[in-house]
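Structure first, commentary second.
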Amino acid sequence: FFFSSQSMLYRRLILLFHCCHSTGAFLCRVSRLRSSLTARMASSFSSTTDAEGDIKGQITILGFGSLLSIKSARLTFPSLQNFRLGRIPNHRRVFSHPASIFFQRGIARMDTLEMSSLSAEYKEGHSFICSVFEVPNEGLTAIASDGEGTGEWIPSRAFLEREEEFEIAMVPYEEFGLSDDCAASGVPRRMETSVSSTASVSASNSTASDDTVKYGVLCRRSTDESYLAHWGEAHFQKQYLDYGVKTIWNWDEDSGLRPCQVYTRHCVLASEGIGGACQDSFLDDTYLVDRRTTLRDYLNQYPEIMTTEPPEELKERYGG
């Protein structure tokens, strides 16, 4: 159910089954693994749960596109707090799917296939810099009880509707420290040293705030099958087929799918507003659908993207 930690858990369970010598040993290991996962996810929240199972308190959001802009983030999450930077390991940022909202707002171009939005996908050895912030858990998450006094984190329907085409995943991230003035103002510290996708972050430009592994919510690549199973054929018809788009996630690497111009400019400006390693990461750790062409190379080929302003009615929303 749209929750990557569960799918990761299942893969580990299969490995455990082959490693254990008896069913009893396997079940014992399963119980310990599940308890560990639940505890790690719970530690990512500053929260309590009410009688209905809703998580109270705050939840950590990881942003990789428009949410790199604190202004844009506040449009979606007006009550966000502690906006800062982090790095998501073993994930790649890719323009790999069309977004229905681009068609609804008139900024998608079917003739050139410039209609792609960003998603994150699991890929070992890759990483990218993201924004990190907390929001009040106002209907964003819930605890699903298993009938045995324990539960697992799942996204609520309200949150799924907000990010309907994605897999909503709880993933580990590395947190960067903030300077005192930025911590006070809520604006991330500029990071002046470039950090490659595979390099560890040096202490001179950013440091982990502590040694504890932290978890945040990330919108990851999903599948058409998951979308249809959850939202149904009629919704898919309205959101995509009516615009001539026959698939969300099945765009091949040689499909020619290209980034939406207005959205791309907006995200680049957002990364420029932070500057330093965040800007470099956005240009060098973001790929087109072919998974080879970086955004920096693409913009060098099509520099007019950065000089073309959005429609007047969208300048505020897509102004970086």
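Filtered by the rule that a residue be touching a strand residue (DSSP E or B) at 6+ places or on another chain (Cβ under 7 Å) and not hydrophobic (A, V, I, L, M, F, W, C), region 84-104 gives 84, 86, 87, 89, 90, 91, 92, 93, 96, 97, 98. Collect the residues in region 157-171 that are at pLDDT below 90 and open to solvent by 10 Å² or more (accessible area, probe 1.4 Å), keeping them in residue-number order. Once the filter is applied, which keeps residues that are at pLDDT below 90 and open to solvent by 10 Å² or more (accessible area, probe 1.4 Å), region 157-171 yields 157, 158, 161, 162, 163. Scanning region 244-274 for residues that are within 19 Å of residue 163 (Cα to Cα) and assigned to a helix (DSSP H, G or I) turns up 263, 264, 266, 267. Residues that are at pLDDT 90 or above, surrounded by 18 or more Cβ atoms within 10 Å (Cβ to Cβ) and farther than 20 Å from residue 66 by Cα: does region 193-205 have at least one? The answer is no, given that none of the residues of region 193-205 is at pLDDT 90 or above, surrounded by 18 or more Cβ atoms within 10 Å (Cβ to Cβ) and farther than 20 Å from residue 66 by Cα. Quick one: is residue 154 modelled with pLDDT under 95, of a type in the set (Val, Ile, Thr) and closer than 28 Å to residue 239 by Cα? Judged against the criteria, residue 154 is a match. Within region 98-128, being more than 14 Å from the chain's Cα centre (by Cα), surrounded by 15 or more Cβ atoms within 10 Å (Cβ to Cβ) and polar (S, T, N, Q) holds for 100, 116. Inclusion of residue 269 among residues that are among the aliphatic types (A, V, I, L, M) and out of contact with any helix residue (DSSP H, G or I) (no Cβ under 9 Å at 6 or more places or on another chain) is not warranted. When 133, 95 are checked against the criterion of being open to solvent by less than 10 Å² (accessible area, probe 1.4 Å), at pLDDT below 95 and either hydrophobic (A, V, I, L, M, F, W, C) or assigned to a strand (DSSP E or B) (or both), a single residue qualifies: 133.
Scanning region 280-290 for residues that are surrounded by fewer than 22 Cβ atoms within 10 Å (Cβ to Cβ) and either assigned to a helix (DSSP H, G or I) or among the β-branched types (Val, Ile, Thr) (or both) turns up 280, 283, 284, 289.
Quick one: residue 266 ticks every box in (1) buried (at least 20 other Cβ atoms within 10 Å of the Cβ); (2) farther than 15 Å from residue 117 by Cβ; (3) touching a residue at least 24 places away in the same chain (Cβ under 8 Å) bar one, so which box is it? All conditions are met except number (2).
With respect to residue 237, is the statement that it is open to solvent by 20 Å² or more (accessible area, probe 1.4 Å), part of a helix (DSSP H, G or I), touching a helix residue (DSSP H, G or I) at 6+ places or on another chain (Cβ under 8 Å) and not basic (Lys, Arg) true?
no
Within region 103-117, the set of residues being among the aliphatic types (A, V, I, L, M) and in contact with a helix residue (DSSP H, G or I) (Cβ under 7 Å, 6 or more places away or on another chain) comprises 107, 108, 115. When region 291-316 is limited to residues that are of a type in the set (A, V, I, L, M, F, W, C) and over 11 Å from residue 261 (Cβ atoms), the one that is surrounded by the most Cβ atoms within 10 Å (Cβ to Cβ) turns out to be 295.
The values are calculated or read from the model by the stated rules, or taken from the named source; none is laboratory data. It should be emphasised that the depicted structure is a prediction, and the values quoted were computed from it without experimental measurement. A quick note on method: Cβ atoms are made from the backbone with ideal geometry, for glycine too, and the neighbour counts reach across all protein chains shown. Protein only, heavy atoms only, side chains kept; ligands, DNA and RNA dropped before computing areas. Shrake-Rupley method; radii C 1.70, N 1.55, O 1.52, S 1.80 Å.
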